[in-house]
2 protein chains.
Amino acid sequence: MAYQAPVEQIAFILNRVVSFPDLSVTQRFAEATAETMAAILTEAGKLATEVIAPVNRAGDLTPARLENGKLRSSPGYAEAFRALAEGGWIGIAADPEYGGMGLPQALNMAVNEMLASACLALQLNPLLTQGQIEALEHHGSDELKALYLPKLISGEWSGTMNLTEPQAGSDVGALTTRAERAGDGSYRVTGQKIFITWGDSDVTENVCHLVLARLPDGGPGTRGISLFMVPKFIPDESGKPGVANDLRVVSLEHKLGIHGSPTCVMSFEGAKGWLVGEEHKGMAAMFTMMNAARLGVGVQGVAQAEAALQQAVAYAAERVQAGPILRHPDVRRMLAESRAEVFAARAICMACAVALDMSRATGLDEWAARAAFLTPIAKAHGTDVGIRVADTAVQVHGGMGYVEETGAAQYLRDVRITAIYEGTNGIQAMDLVGRKLADGGAAAMALLDEILDGAKAAQSAEPDLANQLWQAAETLRETTQELLDRDMPDRFAGAVPYLSAFARVLGAHYHLRAATGGGSKALARLYIARILPQFAADLAAARAGLADLEALDDAVLLGQMAG
Amino acid sequence: MAYQAPVEQIAFILNRVVSFPDLSVTQRFAEATAETMAAILTEAGKLATEVIAPVNRAGDLTPARLENGKLRSSPGYAEAFRALAEGGWIGIAADPEYGGMGLPQALNMAVNEMLASACLALQLNPLLTQGQIEALEHHGSDELKALYLPKLISGEWSGTMNLTEPQAGSDVGALTTRAERAGDGSYRVTGQKIFITWGDSDVTENVCHLVLARLPDGGPGTRGISLFMVPKFIPDESGKPGVANDLRVVSLEHKLGIHGSPTCVMSFEGAKGWLVGEEHKGMAAMFTMMNAARLGVGVQGVAQAEAALQQAVAYAAERVQAGPILRHPDVRRMLAESRAEVFAARAICMACAVALDMSRATGLDEWAARAAFLTPIAKAHGTDVGIRVADTAVQVHGGMGYVEETGAAQYLRDVRITAIYEGTNGIQAMDLVGRKLADGGAAAMALLDEILDGAKAAQSAEPDLANQLWQAAETLRETTQELLDRDMPDRFAGAVPYLSAFARVLGAHYHLRAATGGGSKALARLYIARILPQFAADLAAARAGLADLEALDDAVLLGQMAG
């Protein structure tokens, strides 16, 4: 079955579950009315279904490749990307001064979800470009902004993010790429970067690399790193792509999935670059790009889950084994639990996006803290759900799920990367229990208060569900308090299950809101009966601490010792 | 890192956790001494590491293929298979009268684990041959046994299992393949079968198909099905492969993994066959083969988990990000939880094998019931753990796990099939709550009694762990009782989480035995603190029943409706 954009479900979540309508009350987002939203979702859904989804399989079968050092993207990608760019979809949330639409991120993320459902490998290109647009908007000089933003927003040029080096993966501070001042205000960048998504492109006329590098007087660690704009072709005086810069794609990775997305080893060989933000303060600018991308990746998880699930439901409706297997209790269980998880993960991502928008519209710190707290949860939980649901969708297909021609396996292969890139889900969880609890738990407690208030408000309509949520939130509050008293390594030992527990409680919260706001009560009951209870096991693991992990002999881990 | 057979851990589990030594007290398995076991494990481990594992990657990169209708297996497979066959490893548990070693299945499964760690795609061939050997031993005529068993046991010929048809997957009774009496005691078989593992082979000189088909007077459903031996080449008078039979491989599937294992669409076109067992009673014989294969598939899950985990631990020990990541709390958590899960899943499989052996050695119904009860748990939980651990191993590798060259992704792709073939894990769970509780719960309660006794016995040495296990087992007993009072569709709606809960409680039971029997206490504490608690959420889901699943609108499942 072809992917059908779930316009109604997304609109319902925005309108009834995550307070999107509050945005249109602000001055900044006065244009984000219900009508605008509906029009945009419908239009984007059509593009996703009719233009983007049809190239998804071709990208898997015919990966991007290098031909004499030049990138050749997968069949149909160029046309699909053109349609996406020319529709203005890259710049939905970008500054109108440079050609953007200035709409909320929540709407942008809803559109991104549809595009990422249709073709993850292709959607990575505009997603990273959007991150670069944000970084430039916040940290670029007026000159850089004027030169690059219109091109990026229109999709004539695309953007990449160059952090990772062979010896410096999650440990960005270990990077060795150097930058030198050229004396004319520009810089020369030299070094090798790996895992660069869409590090080259033949679907855009220029590729703009944001590269982290260290100046000669940059100190060690992350504090001595600067950020540079290093374009593939140096813009000439008219702003058109001019001479080729001193950089090249060394090779492409052969990956489990997202074959249509070229993952490049990049070599910068004295390439000309321009500073973004201040010298030695590149990480701040990069974080802007990364935070936007992190939420975007969480949305990718939801997106792939949605597409995989739709296909599995359609398969189960058609596949007859003494009646359609959609009616078999165990198959229905798999599909229903998946749908409940997709709903929850989507609501979490949208709540994060709305918080980001509210923070920008109101300037209030509480909203910024809310968005910051939700970002790692949206990223890690959204992608965990993406993988879990894609895996379940394979299972629903039975043997046909293991055969590549049905496409079920492609979703699983493609979505698997989302738990790794933009900071592994372990890194997200450490961010949550580390940096995001560094306020003494204020943001966490504010969110828990909202959940408890929600449970209270639902008490008369859905007493059972409300009570279960209430108790879960109370237990989560206690564990949060307990973690705050611990040192970091001990917190880190329980970070992933803690994040998972928080996500499940949040999910139940949004489900309850939906059930009491006109949504499916059966889905909420399902979630609270079958998915929420896992929070308790998660919290047990979150509290288990470091001691037993350290007591365990490495030889036992390796299997080279009895017991 | 190359796979190292975990000989000590396996021997420890056999000796101290699942009562393998009791077997050598029986007359049938008097030769299964500790020395024999140690010698066999060591020898098989050497073969797995030195001969089988080296062909694993080549099988992935160069799949089996058809060349003018002839199968060409992956590079190195023929030599590796020869070494395996000539070492006598196929017939470890087979009847000595026909060339087998007559040793316990527990030992056979331990060897199978090592071979399946080394190369799952190749090991499928001897695994299915072993299943066919068992089916013939129990149901074949003396003539068939004399003709086929020596060849299968020596690995000169290989065996396949032909159940699935395009319209009849899990619903075997819907099959349409026909058989007709030829008048000379033989039969003619006509029909198409799909998903036939190693349906053709160039590593053996003959391929023996056990084919389910319906005689003209066979009734509808599974009761009217007969089983036939249909060889690729009809044995001549001297028992050598003679004229080609009327059957052919139509095509091979392009699969997510196990590329080295040819998955065939088979066409039988009036092929000559011989009855196995009685007419219309083929399912009984096929079940013999399937039950052996189910435990074998659970072991495959454990095997792939072991291999993937070993590689992840080695990677984490070498990969430095401000110290080896093996010391990072979250990475260590992933590896330690995986090791604890592998230990538990292996113990469950081995306990199942020992129960099977005890039932054969003693003829006691209790042992048969124990083996029957544990088989679906061993299969489903072993393969769930296989997938979970292989997935975690990818995550530990970070970006390198998504790149195919490290091999981490291959484990995930390969092991994914194990939750599907030989009856999906959903089918296993329905078998558990259906057929395996049809004794009024006697087998379940007997196992729970053993667990409660174990907790009592460990009370003084490990009071905390013993108490947690005790309470979990009591809750499991209550839920079991509750399920017994329900009708089948309602049970089925909770079958998968019920099986998972049972497996976790069993896992804790074996961990506690290990901890009080000289094994790793840290590993047991880890399991009971971090893995066992999930049983409660599983049981909540198991009790949730069918109502909400049925209340859910199909349009909500599809995402085409608000909420």
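The values are calculated or read from the model by the stated rules, or taken from the named source; none is laboratory data. As the structure is a prediction and not an experimental result, all values here were calculated from the model. Here Cβ is always computed from backbone atoms with ideal geometry, including for glycine, and neighbour counts include all displayed protein chains. In case anyone asks, the SASA skips ligands and DNA or RNA and just uses the protein heavy atoms, side chains included. Shrake-Rupley method; radii C 1.70, N 1.55, O 1.52, S 1.80 Å.
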Handout entry: Overall form of the range A:414-503 per C-alpha gyration tensor (a/c, 1.5; a/b vs b/c)
Key = oblate
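Just need the relative contact order of chain A here, percent rounded to a whole number, with Cα pairs under 8 Å and 6+ apart.
Values: 1077 pairs, mean separation 74.4, N = 563.
About 13 percent, as a whole number.
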Handout entry: Between the range B:468-492 and the range B:117-151, the alpha-carbon center distance in angstrom
Key = 37 Å
Exercise for the section: List the distances, in nm and shortest first, from the label point of B:E67 to the matching label points in every other copy, placing each point 7 Å from Cα along the Cα-to-Cβ direction. Expected result: 3.0
Problem - Cα-Cα over 32 Å, subset of B:K281/B:K379; B:K151/B:K255; B:K70/B:K272; A:K379/B:K46; A:K151/A:K379 - result: A:K379/B:K46
Exercise for the section: Check cross-link reach from A:K436 to the aspartates and glutamates: straight Cα distance under 14 Å, and skip same-chain residues fewer than eight apart. Expected result: A:D365, A:E366
Practice task
Note the angle between two axes, namely the Cα long axis of helix B:534-544 and the longest principal axis of the Cα atoms of chain B, as a number of degrees from 0 to 90, rounded to the nearest 10.
Solution key: 70 degrees
Handout entry: Debye, to nearest 20: dipole size of the range A:158-284, +1 on Lys, Arg Cβ, -1 on Asp, Glu Cβ
Key = 220 debye
Handout entry: Label distances, nm, A:V243 versus same residue in remaining copies, Cβ-directed 7 Å point
Key = 8.1
Problem - For A:493-506, mean number of other protein chain Cβ atoms within 10 Å - result: 2
Handout entry: C-alpha center-to-center spacing [the range B:1-76, the range B:259-318] in angstrom
Key = 15 Å
Practice task
Any chance you could give the angle, 0 to 90 degrees and rounded to 10, that helix B:77-86 forms with the longest Cα principal axis of chain B?
Solution key: 90 degrees
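Let a ≥ b ≥ c be the square roots of the eigenvalues of the Cα gyration tensor of the range B:159-284; is it rounded (a/c under 1.5), or, if not, prolate (a/b larger than b/c) or oblate?
Oblate is the answer for the range B:159-284, as a/c is 1.5 or above yet b/c matches or exceeds a/b.
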Problem - Approximate spin-label separation B:T42-A:A442, in nm, with each point projected 7 Å along Cα-to-Cβ - result: 6.6 nm
Practice task
Over the whole of A:186-198, what's the average partner chain Cβ count within 10 Å per residue? Rounded to a whole number, please.
Solution key: 1
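Tell me the chymotrypsin sites (Phe, Trp or Tyr not before Pro) within the range A:239-313 that lie in a loop according to DSSP and have at most 16 other beta-carbon atoms within 10 Å. Could you put the intermediate results ahead of the total?
Numbers: sites: A:F268, A:W274, A:F287; in loops: none.
Filter output for the range A:239-313: empty list.
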Practice task
Tell me the GluC sites (Glu not before Pro) within the range B:180-286 that lie in a loop according to DSSP and have at most 16 other beta-carbon atoms within 10 Å.
Solution key: B:E205, B:E237, B:E278, B:E279
Exercise for the section: Considering the options B:L309, A:H381, B:A271, tell which one lies farthest towards the positive end of the dipole of the protein assembly as shown, charges being +1 on Lys and Arg and -1 on Asp and Glu at the Cβ, about the Cα centre. Expected result: B:A271
Handout entry: Principal-axis tilt of helix B:365-396 within chain B, Cα atoms, nearest 10 degrees
Key = 70 degrees
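For the range B:159-284, what does the accessible surface come to per residue with a 1.4 Å probe? Please give it in Å². Present the calculation step by step, with values, prior to reporting the outcome.
Values: 4680 Å² over 126 residues.
About 37 Å² of surface per residue is accessible.
Please get the size of the charge dipole for the range A:39-113, origin at its Cα centre, with Cβ charges of +1 on Lys and Arg and -1 on Asp and Glu, quoted in debye to the nearest 20. Don't skip to the end; give the middle numbers.
Values: 6 positive and 9 negative charges, 72 e Å.
Roughly 340 debye, rounded to the nearest 20.
Assuming a ≥ b ≥ c are the square roots of the Cα gyration tensor eigenvalues, decide whether the range B:7-154 counts as rounded (a/c under 1.5), prolate (otherwise, with a/b larger than b/c) or oblate. Before the final figure, lay out the partial values.
Numbers: a/c = 2.62, a/b = 1.29, b/c = 2.03.
It is oblate, given that a/c is not under 1.5 and a/b is not larger than b/c.
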Practice task
Just need the relative contact order of the range B:7-154 here, percent rounded to a whole number, with Cα pairs under 8 Å and 6+ apart.
Solution key: 23 percent
Handout entry: Solvent-accessible area of A:W367 with every protein chain in place, 1.4 Å probe, in Å² to the nearest 10
Key = 80 Å²
Problem - Dipole moment magnitude, nearest 20 debye, chain A about Cα centre, only Lys, Arg, Asp, Glu C-beta charged - result: 840 debye
Exercise for the section: Shortest first and in nm with one decimal, please list how far the B:D142 label point sits from its counterparts in the other copies (point 7 Å along Cα→Cβ). Expected result: 10.4
Exercise for the section: Divide by every residue of chain A the summed helix terms, -39500 (n - 2.57) for each DSSP H run of at least 4, and state the resulting mean residue ellipticity at 222 nm, rounded to the nearest 500 deg cm²/dmol. Expected result: -17000 deg cm²/dmol
Exercise for the section: With a 1.4 Å probe and every protein chain kept in, tell me what percent of the accessible surface of the protein assembly as shown is carbon plus sulfur. Expected result: 52 percent
Practice task
Treat each spin label as a single point 7 Å out from the Cα along the C-beta direction, and report the A:S186 to A:A78 distance in nm.
Solution key: 2.7 nm
Handout entry: Options B:A93, B:N68, B:L122, ranked by Cα towards positive dipole end of the range B:39-122, top entry (Cβ charges)
Key = B:N68
